[in-house]
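Below is one structure; the comments refer to it alone.
The values are calculated or read from the model by the stated rules, or taken from the named source; none is laboratory data. Here the structure is a predicted model, which is why all the values come from computation and not from measurement. Here the Cβ positions follow ideal geometry from the backbone for every residue, glycine too, while neighbour counts run over all protein chains shown.
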Amino acid sequence: MDKNYIKIIYSLFKKELMSYFNSPIAYIFIGVFLVVGNWLFFKWFFLIGQASMRNYFSLLPWIFLFLAPALTMRLWAEEKRSGTIEFLLTLPVTDWQVVLSKFLGALSFLFIALLMTFTLPISVLSLGNADFGPIFGSYLGALFLGGSYLALGLFISSVTKNQIIAFILGVMACFAFFMIGADFVLAGAPASVAPIMKFLGLGSHFNSIAKGVIDSKDVVYYISFIFIFLWLNARVIESRSWK
Amino acid sequence: MIEVKNLSKKFGSTKVLDDINFSVEKGEILGFLGPNGAGKSTTMKIITSFWAGSDGTVHIDGKNVANQSLLTREKIGYLPENVPLYDEMRVFEYLKFIAEVRGIGKDEQKKAITKASEACGLSKVLRKPIDELSKCYKQRVGLAQAIIHEPDILILDEPTTGLDPNQIAEIRDLIKKIGKEKTVIFSTHILSEVSATCDRVIIINEGKIVGEGKPEELMNKSSHKELVYIKIKADKEAALKRLKELENVENVEVKDKEASNIYGYSIEPKKGVDIREYLSIAVTQQGWPILELRRKKTSLEDVFRELTK
């Protein structure tokens, strides 16, 4: 039973990942991601003259902010609009399996996109003696942050039929969660809620990771964040029956 | 095989289904008939566990579709209305995806895909992307997808809407062929389709079952009058007089005129009496040639309109 459970997730996941590459979205996404990322990186790299990728990783949340909702906007909204959802959810699969496979498909796609930035660490490592550890740590952190954006975007896609609305709401929600932990927002917040906001903000957890420090607290935070939104997503899908 | 008991469905305060009861036996082809918005699709969505009913139960082979849905879904092949498909996929990829999710083992997948695509006449288009296919072929892909795991039950929601008459005939033949070994429920609002394909019909209107039975039974039950049409070469007045005198004849009307002494008459016999034989003898005895004689049977259309008014 368990083996079958995983097998079904795997088949659904394969289809989700494949559907990115079946449409031009994948190529546009990776193209934009690489061009913007590389340009922003090298614009400062030689000026600062430091063999580190800190600059790049502090930019990454902003690039992800637009690209992650672009990946997830279609996932539920399009299924609903075209009606394929009816067919998908009458297969012998659980709602949770479908949600999970959609998330894993998007995450794997983001992972592939991140892998393609390999030229950056190679340049940095060959031009100076940068530490490999922090770079690796930052990549992992980027994946966690990206995963959180994706889980949030996927959830938002499930509450609308319209891709564009899903995208705009997704960007707004990701932005809000990223900013509530930012320093200048915290400075203006009442002292009693500031620590809570700092804990909830996606950005504040990323700062330490961008420096290359992986704290288990941050990892637990990201995993819970992802889990909560996937869970909410499954509830939304289930709610079609409650009407 | 399928047992629907006291099924109701509410959206807010509107009742879409109101206490529906029916069962389908193994191997039966059941036609679901009703005007648009009568609750056909809703019933199908509940049977396939896409939605849950507000009240009542649906059992498939004794298993409840609400809480044992993974087991019941395995037995069902479902073609939703308007055939939603993943357009960007190729036919082969799509069928392979379904086969995988349906838990068909790696070795049997190829065989299952070949079998389903041959049955639905898809062999030539397997490599094409679905969005390049014509509507009829999309419908076939939808059917192939529904039968790939050899389910006992097929649920088809308006499988022939939007097709031209030739395609409708093709899909209908396909359903008949596939339906030989399976239990089929299909919905439609095309009436000729029902009498051509179904063993049994359920007519549903405003969320209630208003008629159920074999197509012929339904027509017999109807209060609609059965008429006999006859065209005779004779003087109009004499013919009218003679026809009215006949036994078991309730009423006679002149229906049309072909030439100066050729008229068509519409005769209403007493209910349940077949007067054709007797009528033809009586008319020939008068020395009047019969040019046409036919019974105008109650059509399913009459029944449908009577029940869903």
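Among the residues of the range A:208-222, count how many are more than 10 Å from A:ALA151 (Cβ to Cβ) and either within 14 Å of the chain's Cα centre (by Cα) or not small (Gly, Ala, Ser) (or both).
So the count comes out to 10.
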| note | Restricted to the range A:1-44 and to residues being farther than 30 Å from B:TYR86 by Cβ and in contact (Cβ under 8 Å) with a residue 60 or more places away in the chain, the residue surrounded by the fewest Cβ atoms within 10 Å (Cβ to Cβ) is A:ASN38
| note | Among residues of the range B:144-171 being of a type in the set (D, E, K, R) and modelled with pLDDT under 85, the residue surrounded by the fewest Cβ atoms within 10 Å (Cβ to Cβ) is B:ASP164
| note | Subset of the range B:61-84, residues in a loop (DSSP other than H, G, I, E, B) and more than 7 Å from every other protein chain (Cβ to nearest Cβ), comes to B:ASP61, B:GLY62, B:VAL65, B:ALA66, B:ASN67, B:GLN68, B:GLU81, B:VAL83
| When you look at A:GLU78, is it within 14 Å of another protein chain (Cβ to nearest Cβ) and either in contact (Cβ under 8 Å) with a residue 60 or more places away in the chain or β-branched (Val, Ile, Thr) (or both), yes or no? | yes
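Residue-wise test of (1) β-branched (Val, Ile, Thr); (2) outside the structural domain of B:LYS176 (by TED's automatic domain parsing); (3) at negative phi; (4) surrounded by 13 or more Cβ atoms within 10 Å (Cβ to Cβ).
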| residue | (1), (2), (3), (4) |
| --- | --- |
| B:SER192 | no, no, yes, yes |
| B:ILE202 | yes, no, yes, yes |
| B:LYS231 | no, yes, yes, yes |
| B:ALA238 | no, yes, yes, no |
| B:TYR263 | no, yes, yes, yes |
| B:LYS271 | no, yes, yes, no |
| B:SER280 | no, yes, yes, yes |
| B:VAL303 | yes, yes, yes, yes |
| Assuming A:LYS102 fulfils every condition listed in (1) more than 22 Å from A:MET172 (Cα to Cα); (2) within 14 Å of chain B (Cβ to nearest Cβ); (3) touching a residue at least 24 places away in the same chain (Cβ under 8 Å) apart from one, which condition is it? | (1)
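From the residues in the range A:18-35 that are part of a helix (DSSP H, G or I) and within 12 Å of chain B (Cβ to nearest Cβ), which one is farthest from B:GLY105 (Cα to Cα)? Spell out how you get there, then give the answer.
Applying the first criterion (part of a helix (DSSP H, G or I)) to the range A:18-35 yields A:18-22, A:25-35.
Add one more test, that the residue is within 12 Å of chain B (Cβ to nearest Cβ), and what stays is A:18-22, A:25-26.
Numbers: A:MET18: 21, A:SER19: 23, A:TYR20: 26, A:PHE21: 26, A:ASN22: 25, A:ILE25: 32, A:ALA26: 30 Å.
Across the range A:18-35, the extreme among qualifying residues is A:ILE25.
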| message | Looking only at residues that are within 14 Å of another protein chain (Cβ to nearest Cβ) and assigned to a helix (DSSP H, G or I) in the range B:1-42, which one is nearest to B:THR161 (Cα to Cα)? | response | B:SER41
